[in-house]
1. Quick one: Leu104 ticks every box in (1) out of contact with any Asp or Glu (no Cβ under 7 Å at 6 or more places or on another chain); (2) over 19 Å from Leu227 (Cα atoms) bar one, so which box is it?
2. Tally time: how many residues in segment 43-52 are closer than 18 Å to Tyr228 by Cα and not aliphatic (A, V, I, L, M)?
3. Let me confirm something: among Leu73, Leu81, Leu126, which residue is of a type in the set (A, V, I, L, M) and touching a Pro at 6+ places or on another chain (Cβ under 6 Å)?
4. If only one of Lys22, Lys31, Lys14 is among the basic types (Lys, Arg), without any contact (Cβ under 8 Å) to a residue 24 or more places away in the chain and open to solvent by 10 Å² or more (accessible area, probe 1.4 Å), which one is it?
5. State which residue pairs qualify: first residue in contact (Cβ under 8 Å) with a residue 40 or more places away in the chain and inside segment 56-68, second residue surrounded by fewer than 16 Cβ atoms within 10 Å (Cβ to Cβ) and assigned to a helix (DSSP H, G or I) in any location, beta carbons under 8 Å apart, and separation of 6 or more residues or different chains.
6. Can you tell me which residue among Arg67, Arg61 is within 22 Å of Cys156 (Cα to Cα) and either touching a His at 6+ places or on another chain (Cβ under 6 Å) or surrounded by fewer than 14 Cβ atoms within 10 Å (Cβ to Cβ) (or both)?
7. Filter segment 34-53 for residues that are in a helix (DSSP H, G or I) and either closer than 21 Å to Ile176 by Cβ or modelled with pLDDT under 95 (or both) and give the result.
8. Sort out for me the strands (runs of 3 or more DSSP E) sitting completely within segment 88-201 that have 3 or more residues that are under 18 Å from Asp74 (Cβ atoms), open to solvent by less than 10 Å² (accessible area, probe 1.4 Å) and touching a residue at least 12 places away in the same chain (Cβ under 8 Å).
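The values are calculated or read from the model by the stated rules, or taken from the named source; none is laboratory data. All of these numbers come straight from a predicted model, not from anything done at the bench. Positions of Cβ are backbone-derived with ideal geometry, glycine not excepted, and every protein chain shown enters the neighbour counts. Areas reflect the complete protein model, heavy atoms only, side chains present, ligands, DNA and RNA absent. Shrake-Rupley method; radii C 1.70, N 1.55, O 1.52, S 1.80 Å.
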Amino acid sequence: MEDVTNSRTFSDAKKVLAFALKSTSAADKIKFYDSWASNYDQDVEIVEYRAPQLAVQSLVRHFPEERSNIQVLDVACGTGLVAAQLNKYGFGIIHGIDGSKTMLEQAKGKGLYQDLKQCMMGNDPLPVVTASYDAVIIVGGLSEGQVPCSVIPELCRVTKPGGYICMTVLTSTSNITYWRQLQGMLKQLEQQGLWEQVDVQQVNEWMKAVSEEESTGSPYTSGIIYLYKKCTLRQSQQT
């Protein structure tokens with residue numbers, strides 16, 4: 001029997017990723033990810049998607065000591081690519097949330113999460129108790145037609161005071177409107193004294209461009225990694 005797991009091409013990955021970046025209804029997007037789950041890891045590898053690795057590296061610098069007891073929430077966890085990177089750097093307690101049941105099944109199969117929950121992010125509050133995690137990370141979900149910006153206050157809510165929130169966003173042409181909305185939301189929470197910006201990392205080679213629109217003189221699209229630290233009660237009162 002032919003090994004179909006190795007039959008994906010750049011053309012295949014390009015088509016499916018181009019659709020992933022389009023704005024669609026939440027229900028249609030979930031159906032899309034359910035159908036894509038079995039090929040997801042291979043397709044993002046083909047396009048040299050670097051966000052999971054780079055985001056976790058950004059987070060690692062702020063947890064220089066023993067990480068086995070650090071509690072991390074992976075939001076829009078997909079098949080578990082971020083968990084694989086977290087595990088590589090010694091993070092021992094990893095929980096995940098995603099909207100796609102089939103993606104969660106793929107993530108469960110990796111054996112890296114202690115807990116996985118399904119949630120329509122942005123429509124519903126995250127199914128997590130306030131101030132539960134030392135770090136919250138969302139990689140790849142913050143873009144047009146996927147996780148709405150309204151989830152951002154929820155990321156802050158479930159983080160412990162003094163904990164970190166790591167977010168990535170695609171800065172290609174198709175995502176400019178969303179990116180601007182995101183910047184406004186990030187600034188708003190900062191002005192409210194809920195968190196403070198720790199780092200912003202611009203990445204030029206985020207992944208291979210999958211459309212003419214995304215390619216602006218380079219074969220790669222760009223992205224940004226944002227890292228925020230949740231303020232303690234005392235810091236919030238002083239703001």
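1. (1)
2. Here the count works out to 1.
3. On the way: Leu73 fails: touching a Pro at 6+ places or on another chain (Cβ under 6 Å); Leu126 fails: touching a Pro at 6+ places or on another chain (Cβ under 6 Å).
When all the criteria are applied, what remains is Leu81.
4. One residue alone meets the criteria, Lys31.
5. Within 8 Å, the pairs are Val56/Lys88.
6. Arg61
7. The one that is in a helix (DSSP H, G or I) and either closer than 21 Å to Ile176 by Cβ or modelled with pLDDT under 95 (or both): Ala51.
8. 93-98, 133-142, 159-170
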